[in-house]
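Reviewing the structure listed below.
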Amino acid sequence: MIIYGVALLAACLVAGLYIGELLGQLLGVQANVGGVGIAMVLLVLASGSERLQSLVTGPSGEGIKFWSAMYIPIVVAMAASQNVVAAVDGGLLALIVGVLAVVVSFALVPLISRIGPQSEPLPPLEDPGASSVKRGV
Amino acid sequence: METLSEVLRANGLIVAFTVVGITVWLSYVVSNRLTHGRIHGSAIAILLGLVAAYFAGLETEGRRGVADIGVLAGIGIMGGGMMRDFGIVSTAFGVHLSELRRAGVVGIISIFAGVIVSFVIGAVVAVLFGYSDAESITTIGAGAVTYIVGPVTGTAIGASSDVIALSVAAGVVKSILVMIGTPMVARQIGLNNPQSAMVFGGLMGTTSGVAGGLAATDPRLVPYGAMTATFYTGIGCLLGPSILYFIVRAFV
């Protein structure tokens, strides 16, 4: 049943957010500390567990894959509900701070990535969206 | 017309699915026809979303982009924190624990490096713009971390409300630039494997920015970047009003 997968995903998020909230309180911070990250770890652990296989394979797994495929549309909706006007109106100071922070952080990515064991580049991307448009046209 | 508007308003989330679906379709057509696939369809869709949010913000004077337009309020639900987090967690399906463990230490280093570097940049620019009190400098520095860390820090240490607003603006600029800029620089910064994606998430930290930027670069990298990014704001809120504030106070 598709709902089993969706329920597992939802349970992981709720549990993760709760732990993140508790962590925040523990550290005396007014923020959720890593709730989503913890939820992701829970989902990875659940999908690797023997006992929960029935919740992550077959139709149940489709329930999780559906949301994972909905991710980009959700991000598009997220982009459309940002306060872009505030960013543009923030003036020169906000602009300079934002630009510098991003540029310097970008530059640090290859430097810090060199620390520790390296992982392999992912194989080239097959773009399902692009190919379906090509087929459609 | 009135009836249509009523139907649209009463079914916000469903309208959002329709509108976003059309936007994504249009973006992939543009990506293929005009750029021959060089600019990823999702990057164009995200950019369209931001442009729409800008004009909607000008029109409504609201803070939630197109979600402040009555008939499009559902976009705010679809793109809100709840659905975003649900979507992000779902992308972890199929991720291997070994990859996460391998990049774990580097991921943690990148979170602290990211918070501190962004903070220092924000603080230095604030000083260059003539701010001389520790509260304002710290708050603007915290805004460069993320647009959540800015106001949390500012409120905690008692900064003025215009400085807090400024810190939010700096954070929003950062978040939007990460969304737009990531696909452009991905190749140069080696953003093509799980490890660099985790470092990227830790350095950038803005969950929305990382989520959008990686989605437009290669959706398979999203779970790795999002994993570290979700710890960033928490660490920022931890360091901002405490250690970082004390350090700034020692300097001014």
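The values are calculated or read from the model by the stated rules, or taken from the named source; none is laboratory data. Quick caveat: nothing in here was measured; it's all calculated off a predicted structure. Note: ideal-geometry Cβ built from the backbone for every residue, glycine included; neighbour counts use all protein chains shown. Note: areas computed on protein heavy atoms with side chains; ligands, DNA, RNA excluded. Shrake-Rupley method; radii C 1.70, N 1.55, O 1.52, S 1.80 Å.
Results, tabulated for the structure shown:
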read-out	value
Candidate residues A:Trp67, B:Trp25: accessible-area rank, largest first, probe 1.4 Å	B:Trp25, A:Trp67
Descending semi-axes in Å of the protein assembly as shown, equivalent ellipsoid built from Cα gyration tensor	31, 26, 21
Of the DSSP H helices in chain B, those whose Cα atoms cover at least 24 Å axially and whose Kyte score averages 1.6 or more	B:41-60, B:104-128, B:161-185
Between region A:1-63 and region B:134-159, the Cα center-to-center distance that results, in Å	31 Å
Probe 1.4 Å, all protein chains present, accessible-area order of B:Ile180, B:Ile108, B:Ile189, largest first	B:Ile108, B:Ile180, B:Ile189
Occluded residues from region B:34-68, i.e. those whose accessible area drops by 20 Å² or more once the chain is not alone (1.4 Å probe)	B:His40, B:Ser42, B:Ile46, B:Gly49, B:Leu50, B:Ala53, B:Tyr54, B:Arg63, B:Arg64
Mean ellipticity per residue at 222 nm, deg cm²/dmol - from DSSP H runs of n ≥ 4 across chain B, formula -39500 (n - 2.57)	-24500 deg cm²/dmol
Of the DSSP H helices in chain A, those whose Cα atoms cover at least 30 Å axially and whose Kyte score averages 1.0 or more	A:2-27, A:91-113
Low-density loop cleavage sites - GluC sites (Glu not before Pro) in region B:45-104, where at most 13 other Cβ are within 10 Å (DSSP)	B:Glu61
Apportionment of accessible area to carbon and sulfur, the protein assembly as shown, percent (1.4 Å)	68 percent
Phi-based couplings in Hz for region B:245-252 (Karplus 6.51, -1.76, 1.60; Gly and Pro marked x)	5, 4, 5, 4, 5, 5, 7, 9
Taking only Cα atoms of chain A, radius of gyration then Dmax in Å	20.0, 56
Cα pair distances of region B:97-251 binned at 5 Å [whole percent]	2, 11, 20, 21, 17, 12, 9, 5, 1, 0
Separation of alpha-carbon centers, region B:227-252 and region B:183-218, rounded to whole Å	22 Å
Solvent-accessible area per residue for region A:1-82 (1.4 angstrom probe, square angstrom)	46 Å²
Between region B:19-69 and region A:69-90, the alpha-carbon center distance in angstrom	9 Å
Chains B and A together, accessible area buried on both sides, 1.4 angstrom probe, square angstrom	7900 Å²
Rounded to whole Å, sorted largest first: equivalent-ellipsoid semi-axes of region A:1-77, Cα gyration tensor	25, 16, 8
